[in-house]
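What follows is calculated from the coordinates using simple rules that are stated; it is not laboratory data. This one's a predicted model, so the numbers in the text were calculated from it and none came from an experiment. All Cβ positions, glycine included, derive from the backbone under ideal geometry; neighbour counts span all protein chains shown.
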């Protein structure tokens with residue numbers, strides 16, 4: 001008998017029919033002899049509806065009260081899933097984040113998990129019950145409700161899997177696994193049977209958008225075996241684990257990220273401390289910087305280019321304009337009409353020519369590379385937005401994933 | 001500086017505009033130098049919407065899960081009211097029933113309050129904050145969410161007023177006070193400045209429908225001064241308290257209740273135990289019986305008539321049909337086309353002729369009385385439904401409330 005944690009996203013519980021579908025998946029797992037803890041998100045648009053209600057009254061209200069409000073979405077879902085499971089005739093209990101022992105820090109709206117008391121869940125499992133837990137929410141040391149921010153429900157599932165020492169954490173979603181490229185762009189993209197945490201981390205942060213990085217990081221740290229699979233189709237998904245079998249493929253997939261904007265600062269003084277001043281300014285404003293490229297100094301000045309999420313572009317620009325004199329730059333340019341295309345694969349460091357194959361494919365397709373960034377398991381290029389889909393196709397093709 | 005508990009019902013917080021109206025009332029009370037604890041109900045139709053969602057999935061689900069579901073309604077309200085108060089620029093914190101220390105027994109769906117820990121509320125008041133509390137909900141000793149059933153939010157407000165030793169508990173609703181009769185029926189009905197708990201109890205149970213009996217009972221037991229007033233009009237309401245000033249009026253008001261059905265059992269054996277068998281049968285099925293009338297025995301048999309709520313009529317009849325032989329009755333009759341009209345007033349026991357005045361008024365109007373029931377502070381009659389409005393008018397007139 002295994003202990004399995006399952007997570008169902010908002011689209012998977014969007015209406016009564018889908019709630020029953022989820023109840024079916026959970027009870028089938030239970031009937032197969034497993035203990036089941038299922039983490040659920042808020043139904044479909046519930047969270048957006050609640051935010052709209054709040055904005056109508058006070059768009060600048062405290063995050064504490066927003067968490068009180070938003071946490072009701074998951075509470076509604078968990079009760080409905082429990083009612084469906086009761087209808088199917090199985091013993092079940094639903095628990096809010098606080099009831100389930102999810103303790104967090106005090107960062108309302110984006111809380112970090114501090115510890116998990118599994119006592120209540122263990123007791124309910126011991127009584128043979130299926131346990132439904134509200135994702136995304138916890139309680140802080142003031143006994144106040146907190147929410148975990150983006151990717152919170154995935155993270156909730158992985159955290160409970162870790163705390164309960166579960167045998168598997170299944171993330172049910174609206175896609176059926178992790179693909180070598182976005183199947184909507186690349187027709188012969190194929191689903192991976194398995195992928196390592198590190199590869200998944202690179203893919204997720206590069207825009208694959210299936211699993212939130214935070215949940216994968218936690219899975220890696222606590223050695224939680226993940227499986228990403230579809231709640232709508234009964235087929236095998238993709239396993240995410242520590243070590244994956246060595247395949248002939250050097251790279252695991254091709255990802256594209258459109259949420260990226262480039263900023264360049266021209267004519268910075270070529271002296272120590274310049275980069276420090278620039279990036280600490282952005283860090284203080286909590287603006288995340290991704291790819292950084294610095295030109296070699298010439299004539300006593302250098303240029304620095306970097307990328308930020310498109311949502312941070314305006315703030316970053318106004319901040320930099322304000323401090324341009326003190327940083328010492330001459331002028332600012334920016335471009336939000338770009339994409340980042342990346343290849344990811346743990347095999348690539350030990351195999352020469354991976355980056356070269358990618359660049360060659362882009363060259364033959366006449367796609368200009370604006371910036372390049374590499375890590376041990378990925379190569380990313382920044383290119384014009386209009387070239388992005390084509391780039392994913394030719395790069396995917398160059399690595400013969402289809403073979 | 002006084003401590004005031006305020007309660008706002010579902011219609012008072014039904015939309016953003018009304019939420020601001022409530023925020024205005026609360027902050028004006030706060031600005032006048034008072035500490036304020038405000039108890040809120042779920043917005044307008046939220047509770048009905050949630051019940052519909054649940055019924056679509058499982059109309060026979062556990063009450064525990066229904067409580068998990070329904071308690072979200074008040075949680076949404078309390079956050080929205082808090083956000084509105086923040087918008088007005090005042091310090092505020094919202095608390096769920098469990099956070100506010102509302103402990104109950106384990107009767108999901110209809111829980112009784114067991115104790116209230118005021119520590120958290122006191123601490124927040126001590127920081128100068130306005131405290132918004134979710135009505136209708138609590139926590140049991142299993143750390144599970146419970147709801148208090150009908151009249152739960154009124155009861156929540158009174159319970160916190162008692163526990164906090166508040167100076168006043170204001171129940172804001174969509175009427176502006178307690179009237180000597182339903183103003184929609186009797187044009188010259190007038191609003192009472194004050195009324196005693198006992199009188200209010202009789203009026204409430206007789207269909208006045210402004211305050212739930214349970215909350216009035218609790219107010220009486222803990223000597224909580226109540227005020228019923230409108231959240232839409234800024235005028236004085238009606239105070240409900242222990243002792244009210246003696247007025248010339250002998251009776252406090254005329255009430256009508258249409259939610260009543262009569263059942264008669266004919267030909268019961270005239271021997272000890274008959275009433276016991278009959279009514280314990282109904283009690284076991286949790287059917288509440290109101291007025292009971294037993295004929296004087298004749299020919300070794302007697303007839304018993306009693307009233308139940310209309311919602312219990314079918315169940316009561318099928319139960320009685322099933323056991324008619326063992327109870328020893330001959331036959332059953334029933335009538336759901338009746339109303340109960342009552343006069344209430346603490347003065348009536350010491351003043352002869354109150355009941356006679358009522359009966360005379362009905363006689364002159366040609367209204368037939370089917371059953372009569374009296375207590376120390378009320379006289380009720382059962383009459384045909386079609387006569388009810390007219391009866392309220394002529395009785396109200398007979399007591400010269402308008403003078």
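Here are the numbers for this structure:
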| quantity | calculated |
| --- | --- |
| Packing-based exposure ordering (other Cβ within 10 Å, fewest first) of A:338, A:292, B:343, A:130 | A:292, A:338, A:130, B:343 |
| Nearest-ten-degree value, helix A:388-398 long axis tilted from longest Cα axis of chain A | 90 |
| Residue A:217 paired with residue B:370, simple spin-label distance in nm, labels 7 Å along Cα-to-beta-carbon | 7.2 |
| Mean ellipticity per residue at 222 nm, deg cm²/dmol - from DSSP H runs of n ≥ 4 across the protein assembly as shown, formula -39500 (n - 2.57) | -10500 deg cm²/dmol |
| Relative exposure of A:372, B:171, judged by other C-beta atoms within 10 Å (fewest first) | A:372, B:171 |
| Label point at residue A:323 placed 7 Å out along Cα→Cβ; residues across region A:260-275 whose backbone nitrogen lies under 11 Å | A:275 |
| Residue of chain A nearest the A-to-B rotation axis [by Cβ], rounded angstrom distance | A:72, 2 |
| Considering only chain A, percent of DSSP beta bridges that pair antiparallel, nearest 5 | 60 |
| Other copies of residue A:336: label-to-label distances in nm, shortest first, labels 7 Å along the beta-carbon direction | 6.3 |
| Calculated FRET efficiency for the pair residue B:24/residue A:235, C-beta based, R₀ 60 Å, to 0.05 | 0.60 |
| Between helix A:274-284 and chain A: long-axis angle, C-alpha atoms, 0 to 90°, nearest 10 | 30 |
| Averaged over B:141-147, number of beta-carbon atoms from partner chains that fall within 10 Å | 3 |
| Acute angle (nearest 10 degrees) that the helix A:46-57 long axis makes with the longest principal axis of chain A, alpha-carbon atoms | 70 |
| Rounded to 5, the percent of DSSP beta bridges in region B:1-159 classed as antiparallel | 30 |
| Two-site label geometry, residue A:150 and residue B:32: point separation in nm, points 7 Å out along Cα→Cβ | 4.8 |
| Burial ordering of B:371, B:78, fewest other beta-carbon atoms within 10 Å first | B:371, B:78 |
| Pseudo-label separations to other copies for residue B:259 - Cα-to-Cβ vector, 7 Å, nm | 5.1 |
| Residue B:115-residue A:337 FRET efficiency (beta carbon distance; Förster radius 51 Å; 0.05 resolution) | 0.20 |
| Antiparallel bridge percentage (DSSP; both residues within the protein assembly as shown; nearest 5) | 60 |
| Label 7 Å beyond Cα on the Cβ vector: residue B:356 copy-to-copy distances, nm | 12.0 |
| Estimated distance in nm for a label pair at residue A:191 and residue B:384, the labels positioned 7 Å out from Cα along Cα-to-Cβ | 7.3 |
